[in-house]
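The values are calculated or read from the model by the stated rules, or taken from the named source; none is laboratory data. Bear in mind that the values here come from a model prediction, so they are computed numbers and not experimental data. All Cβ positions, even for glycine, are placed from backbone atoms using ideal geometry, and neighbour counts span all protein chains on display.
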Amino acid sequence: MSKLIADTEIEIPLETFPIHKDTDPAQRNEWKQPHRIILILIGLALVGSAIFFLRWDWLPNYGDLILQGLWRTIWILCVTVFLGFLLAVPLGLAQAAGPAILAIPARWFCTIIRGTPLLLQLWLLYYGLGSLFPQYPWIRGSELWPYLRQAWPYAVLALTLSYAGYEGEVMRGAFAGVPKGQLEAARAFGMRRFTILRRIWLPQAIHRALPTLAGEAVLQLKSTPLVATITVVDLYSVASRVRQDTFITYEPLLLLAAGYLVITGIIVFLFRRLERLVPSRLG
Amino acid sequence: MADGSIIPEAVWQTLALLSPSPPGWGGNLLRGLLHSLQIALGAFGMGLIIGTLGAYGKLYGSPLVRDLAGIYTTIVRAVPELVLILLLYYAGTDLINRTLEMAGYQRIDVSGLVAGIVVLGFVQGAYATEVLRGAIKAIPFGEIEAARAYGMSPTLMMRRITLPSMLPYALPGLANLWLIATKDTALLAVVGFSELTLETRQAAGTTKAYFLFFIAAGALYLLITLFSNVLVARIEKWARRGMPSIREARS
């Protein structure tokens, strides 16, 4: 079975937001084409009519809650992307170069995470573990119990594992894609294995994975609203709260969509800056 | 009952919850799985149609069409699926009912199945557009030039040249999309459509055997994934016949 997973190449990683823009000169942006101006005017008119004709009087009452939700969404996103990436490096390394005893579990971990819906994983951890823990007195008595009773540790755990599963697969390809000559040169210089990893292998692998990392970060942002289903108050759950309180459906959802668009734009922008920092000609 | 056999007995009782007949919940899970598969298939098919149109629009359309397709793919890929599902689900059913009322007809209940297919298909279409656009751009340009030189009409060229020769380039991306479609059906649990994840949660909530049911459902999803992988590998082998294998092409 594991041979099968090894041999099927599922992925050309989907770059959700391609950093390498089309170099086709015909597609280069020219904002002054007449149809673009008309489209922009139509867009402005839509936004304007949304502001004037829809109901926004609930907005001031929920200002604090929205800021709180926004903060929690961004916080969860940053923490899970960071922790998930830390976990993905050993996962990718084990699959790319590890002995079978490490490579096979790592591969199974990635397959299982990528083969089941995140919602299911989240509910398994929250309802499953959450119902299991109270049965053991030593857990109830431990220092961690106040945290384990809340929902956010489960949300962070599930999202971290999910990101690690997807990114572990990407890192496997990135580690395998570093040219052999680089590693052989490092070995010829007499570097220890850990030094090779730290100075040569990891930096080049990360550079290779960077465009996909941005796409995965956007995907991770799009997974964060799922934590609302286990009672974590994030940006999305504020919108459903408004809907329940005031029976206003569209306005909060539209605002929410706009909010996510803005955050996505910021993530793509940041990763583009990050990629420009690294010299781009690598062997 | 206090002898050594009590543990297998308890395990047996727990596992009996999975049996397909009424005291067990296996039947519900399988029904949920069927719904999930129906939605995933429908959404994937609709995504393919939208994606083909979108890719052609982006590559060959007028500047206006290109910009509209660009706006569509950018917005759909930047907003979480859950938000899109809620927006389209509420707004879509509301819009249909308002139009029907204005035209003087009765309100109708849009079935969850149809709504789910349309909403997920709309989301899939954006990703499929990008996959197919990339695949069409990967076709050696001489093939298309040759077809034009023979005077083929655009539809004939699409049927005979573009679609068949883009298939090997598109397959990995499309396989990925299919897996995403099967997993995205779980999101419909949030709007209350009884697909696999929601059925699982109901079963788990009623019997309190959370681990058992969630792991069983996970195994079902995993089976779909592994089975799809095998199938995709065969299709890919067929589509790439006569071309160098992926490994040879890379080296």
Fill in the blank from the handout: Just one listed residue, out of B:Gly112, B:Gly57, B:Gly70, is surrounded by 15 or more Cβ atoms within 10 Å (Cβ to Cβ), in contact with a helix residue (DSSP H, G or I) (Cβ under 8 Å, 6 or more places away or on another chain) and within 12 Å of chain A (Cβ to nearest Cβ), and it is B:Gly70
Handout entry: Members of the range A:87-124 found to be among the aliphatic types (A, V, I, L, M), surrounded by 20 or more Cβ atoms within 10 Å (Cβ to Cβ) and without any contact (Cβ under 8 Å) to a residue 40 or more places away in the chain, listed by number
Key = A:Ala94, A:Leu120, A:Leu124
Handout entry: Residues satisfying the stated conditions in the range A:96-129, i.e. more than 10 Å from chain B (Cβ to nearest Cβ) and in contact with a Phe, Trp or Tyr (Cβ under 6 Å, 6 or more places away or on another chain)
Key = A:Ala96
Fill in the blank from the handout: Within the range A:250-275, residues being among the β-branched types (Val, Ile, Thr) and either buried (at least 17 other Cβ atoms within 10 Å of the Cβ) or in contact (Cβ under 8 Å) with a residue 60 or more places away in the chain (or both) number 4
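Please find, among A:Pro252, A:Pro225, the residue that is within 28 Å of A:Asn61 (Cβ to Cβ), more than 19 Å from the chain's Cα centre (by Cα) and not small (Gly, Ala, Ser). Steps first, please.
Details: A:Pro225 fails: more than 19 Å from the chain's Cα centre (by Cα).
The conditions single out A:Pro252.
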Exercise for the section: Output yes when any residue across the range A:140-160 is surrounded by fewer than 20 Cβ atoms within 10 Å (Cβ to Cβ), away from every other protein chain (no Cβ under 14 Å), within 30 Å of A:Phe194 (Cα to Cα) and not charged (D, E, K, R), and no when none is. Expected result: yes
Problem - Set B:Thr182, B:Thr162: member being buried (at least 22 other Cβ atoms within 10 Å of the Cβ), part of a helix (DSSP H, G or I) and within 12 Å of chain A (Cβ to nearest Cβ) - result: B:Thr182
Handout entry: Search result, residues across the range B:79-106 that are away from every other protein chain (no Cβ under 12 Å), hydrophobic (A, V, I, L, M, F, W, C) and part of a helix (DSSP H, G or I)
Key = B:Ile96, B:Leu100, B:Met102
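Can you tell me which residue among B:Gly51, B:Gly42, B:Gly32 is farther than 30 Å from A:Pro34 by Cβ and either surrounded by 21 or more Cβ atoms within 10 Å (Cβ to Cβ) or of a type in the set (Ser, Thr, Tyr) (or both)? Reasoning before the result, please.
Numbers: B:Gly51 fails: farther than 30 Å from A:Pro34 by Cβ; B:Gly42 fails: either surrounded by 21 or more Cβ atoms within 10 Å (Cβ to Cβ) or of a type in the set (Ser, Thr, Tyr) (or both).
Matching residue, one of B:Gly51, B:Gly42, B:Gly32: B:Gly32.
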Exercise for the section: Could you list all residues from the range A:217-236 that are within 18 Å of A:Gln121 (Cα to Cα) and either aliphatic (A, V, I, L, M) or touching a Gly at 6+ places or on another chain (Cβ under 9 Å) (or both)? Expected result: A:Leu219, A:Gln220, A:Leu221, A:Leu226, A:Val227, A:Ala228, A:Ile230, A:Val232
Handout entry: Filter pass, A:Ala158 being under 29 Å from B:Thr206 (Cβ atoms), within 14 Å of the chain's Cα centre (by Cα) and not hydroxyl-bearing (Ser, Thr, Tyr)
Key = yes
Problem - Which listed residue is modelled with pLDDT of 85 or more, within 11 Å of another protein chain (Cβ to nearest Cβ) and either part of a helix (DSSP H, G or I) or over 30 Å from B:Tyr89 (Cβ atoms) (or both), from B:Ala217, B:Ala203, B:Ala147 - result: B:Ala217
Problem - Residue among A:Leu255, A:Leu221 that is touching a Phe, Trp or Tyr at 6+ places or on another chain (Cβ under 9 Å) and within 10 Å of chain B (Cβ to nearest Cβ) - result: A:Leu221
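Looking at A:Leu67, A:Leu87, A:Leu93, A:Leu132 in this structure, which one is over 26 Å from B:Trp178 (Cβ atoms) and within 12 Å of another protein chain (Cβ to nearest Cβ)?
Details: A:Leu67 fails: within 12 Å of another protein chain (Cβ to nearest Cβ); A:Leu87 fails: within 12 Å of another protein chain (Cβ to nearest Cβ); A:Leu93 fails: within 12 Å of another protein chain (Cβ to nearest Cβ).
Every option except A:Leu132 fails the conditions.
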Handout entry: Residues that are buried (at least 16 other Cβ atoms within 10 Å of the Cβ) and among the polar types (S, T, N, Q), drawn from the range B:203-235
Key = B:Thr225, B:Ser228, B:Asn229
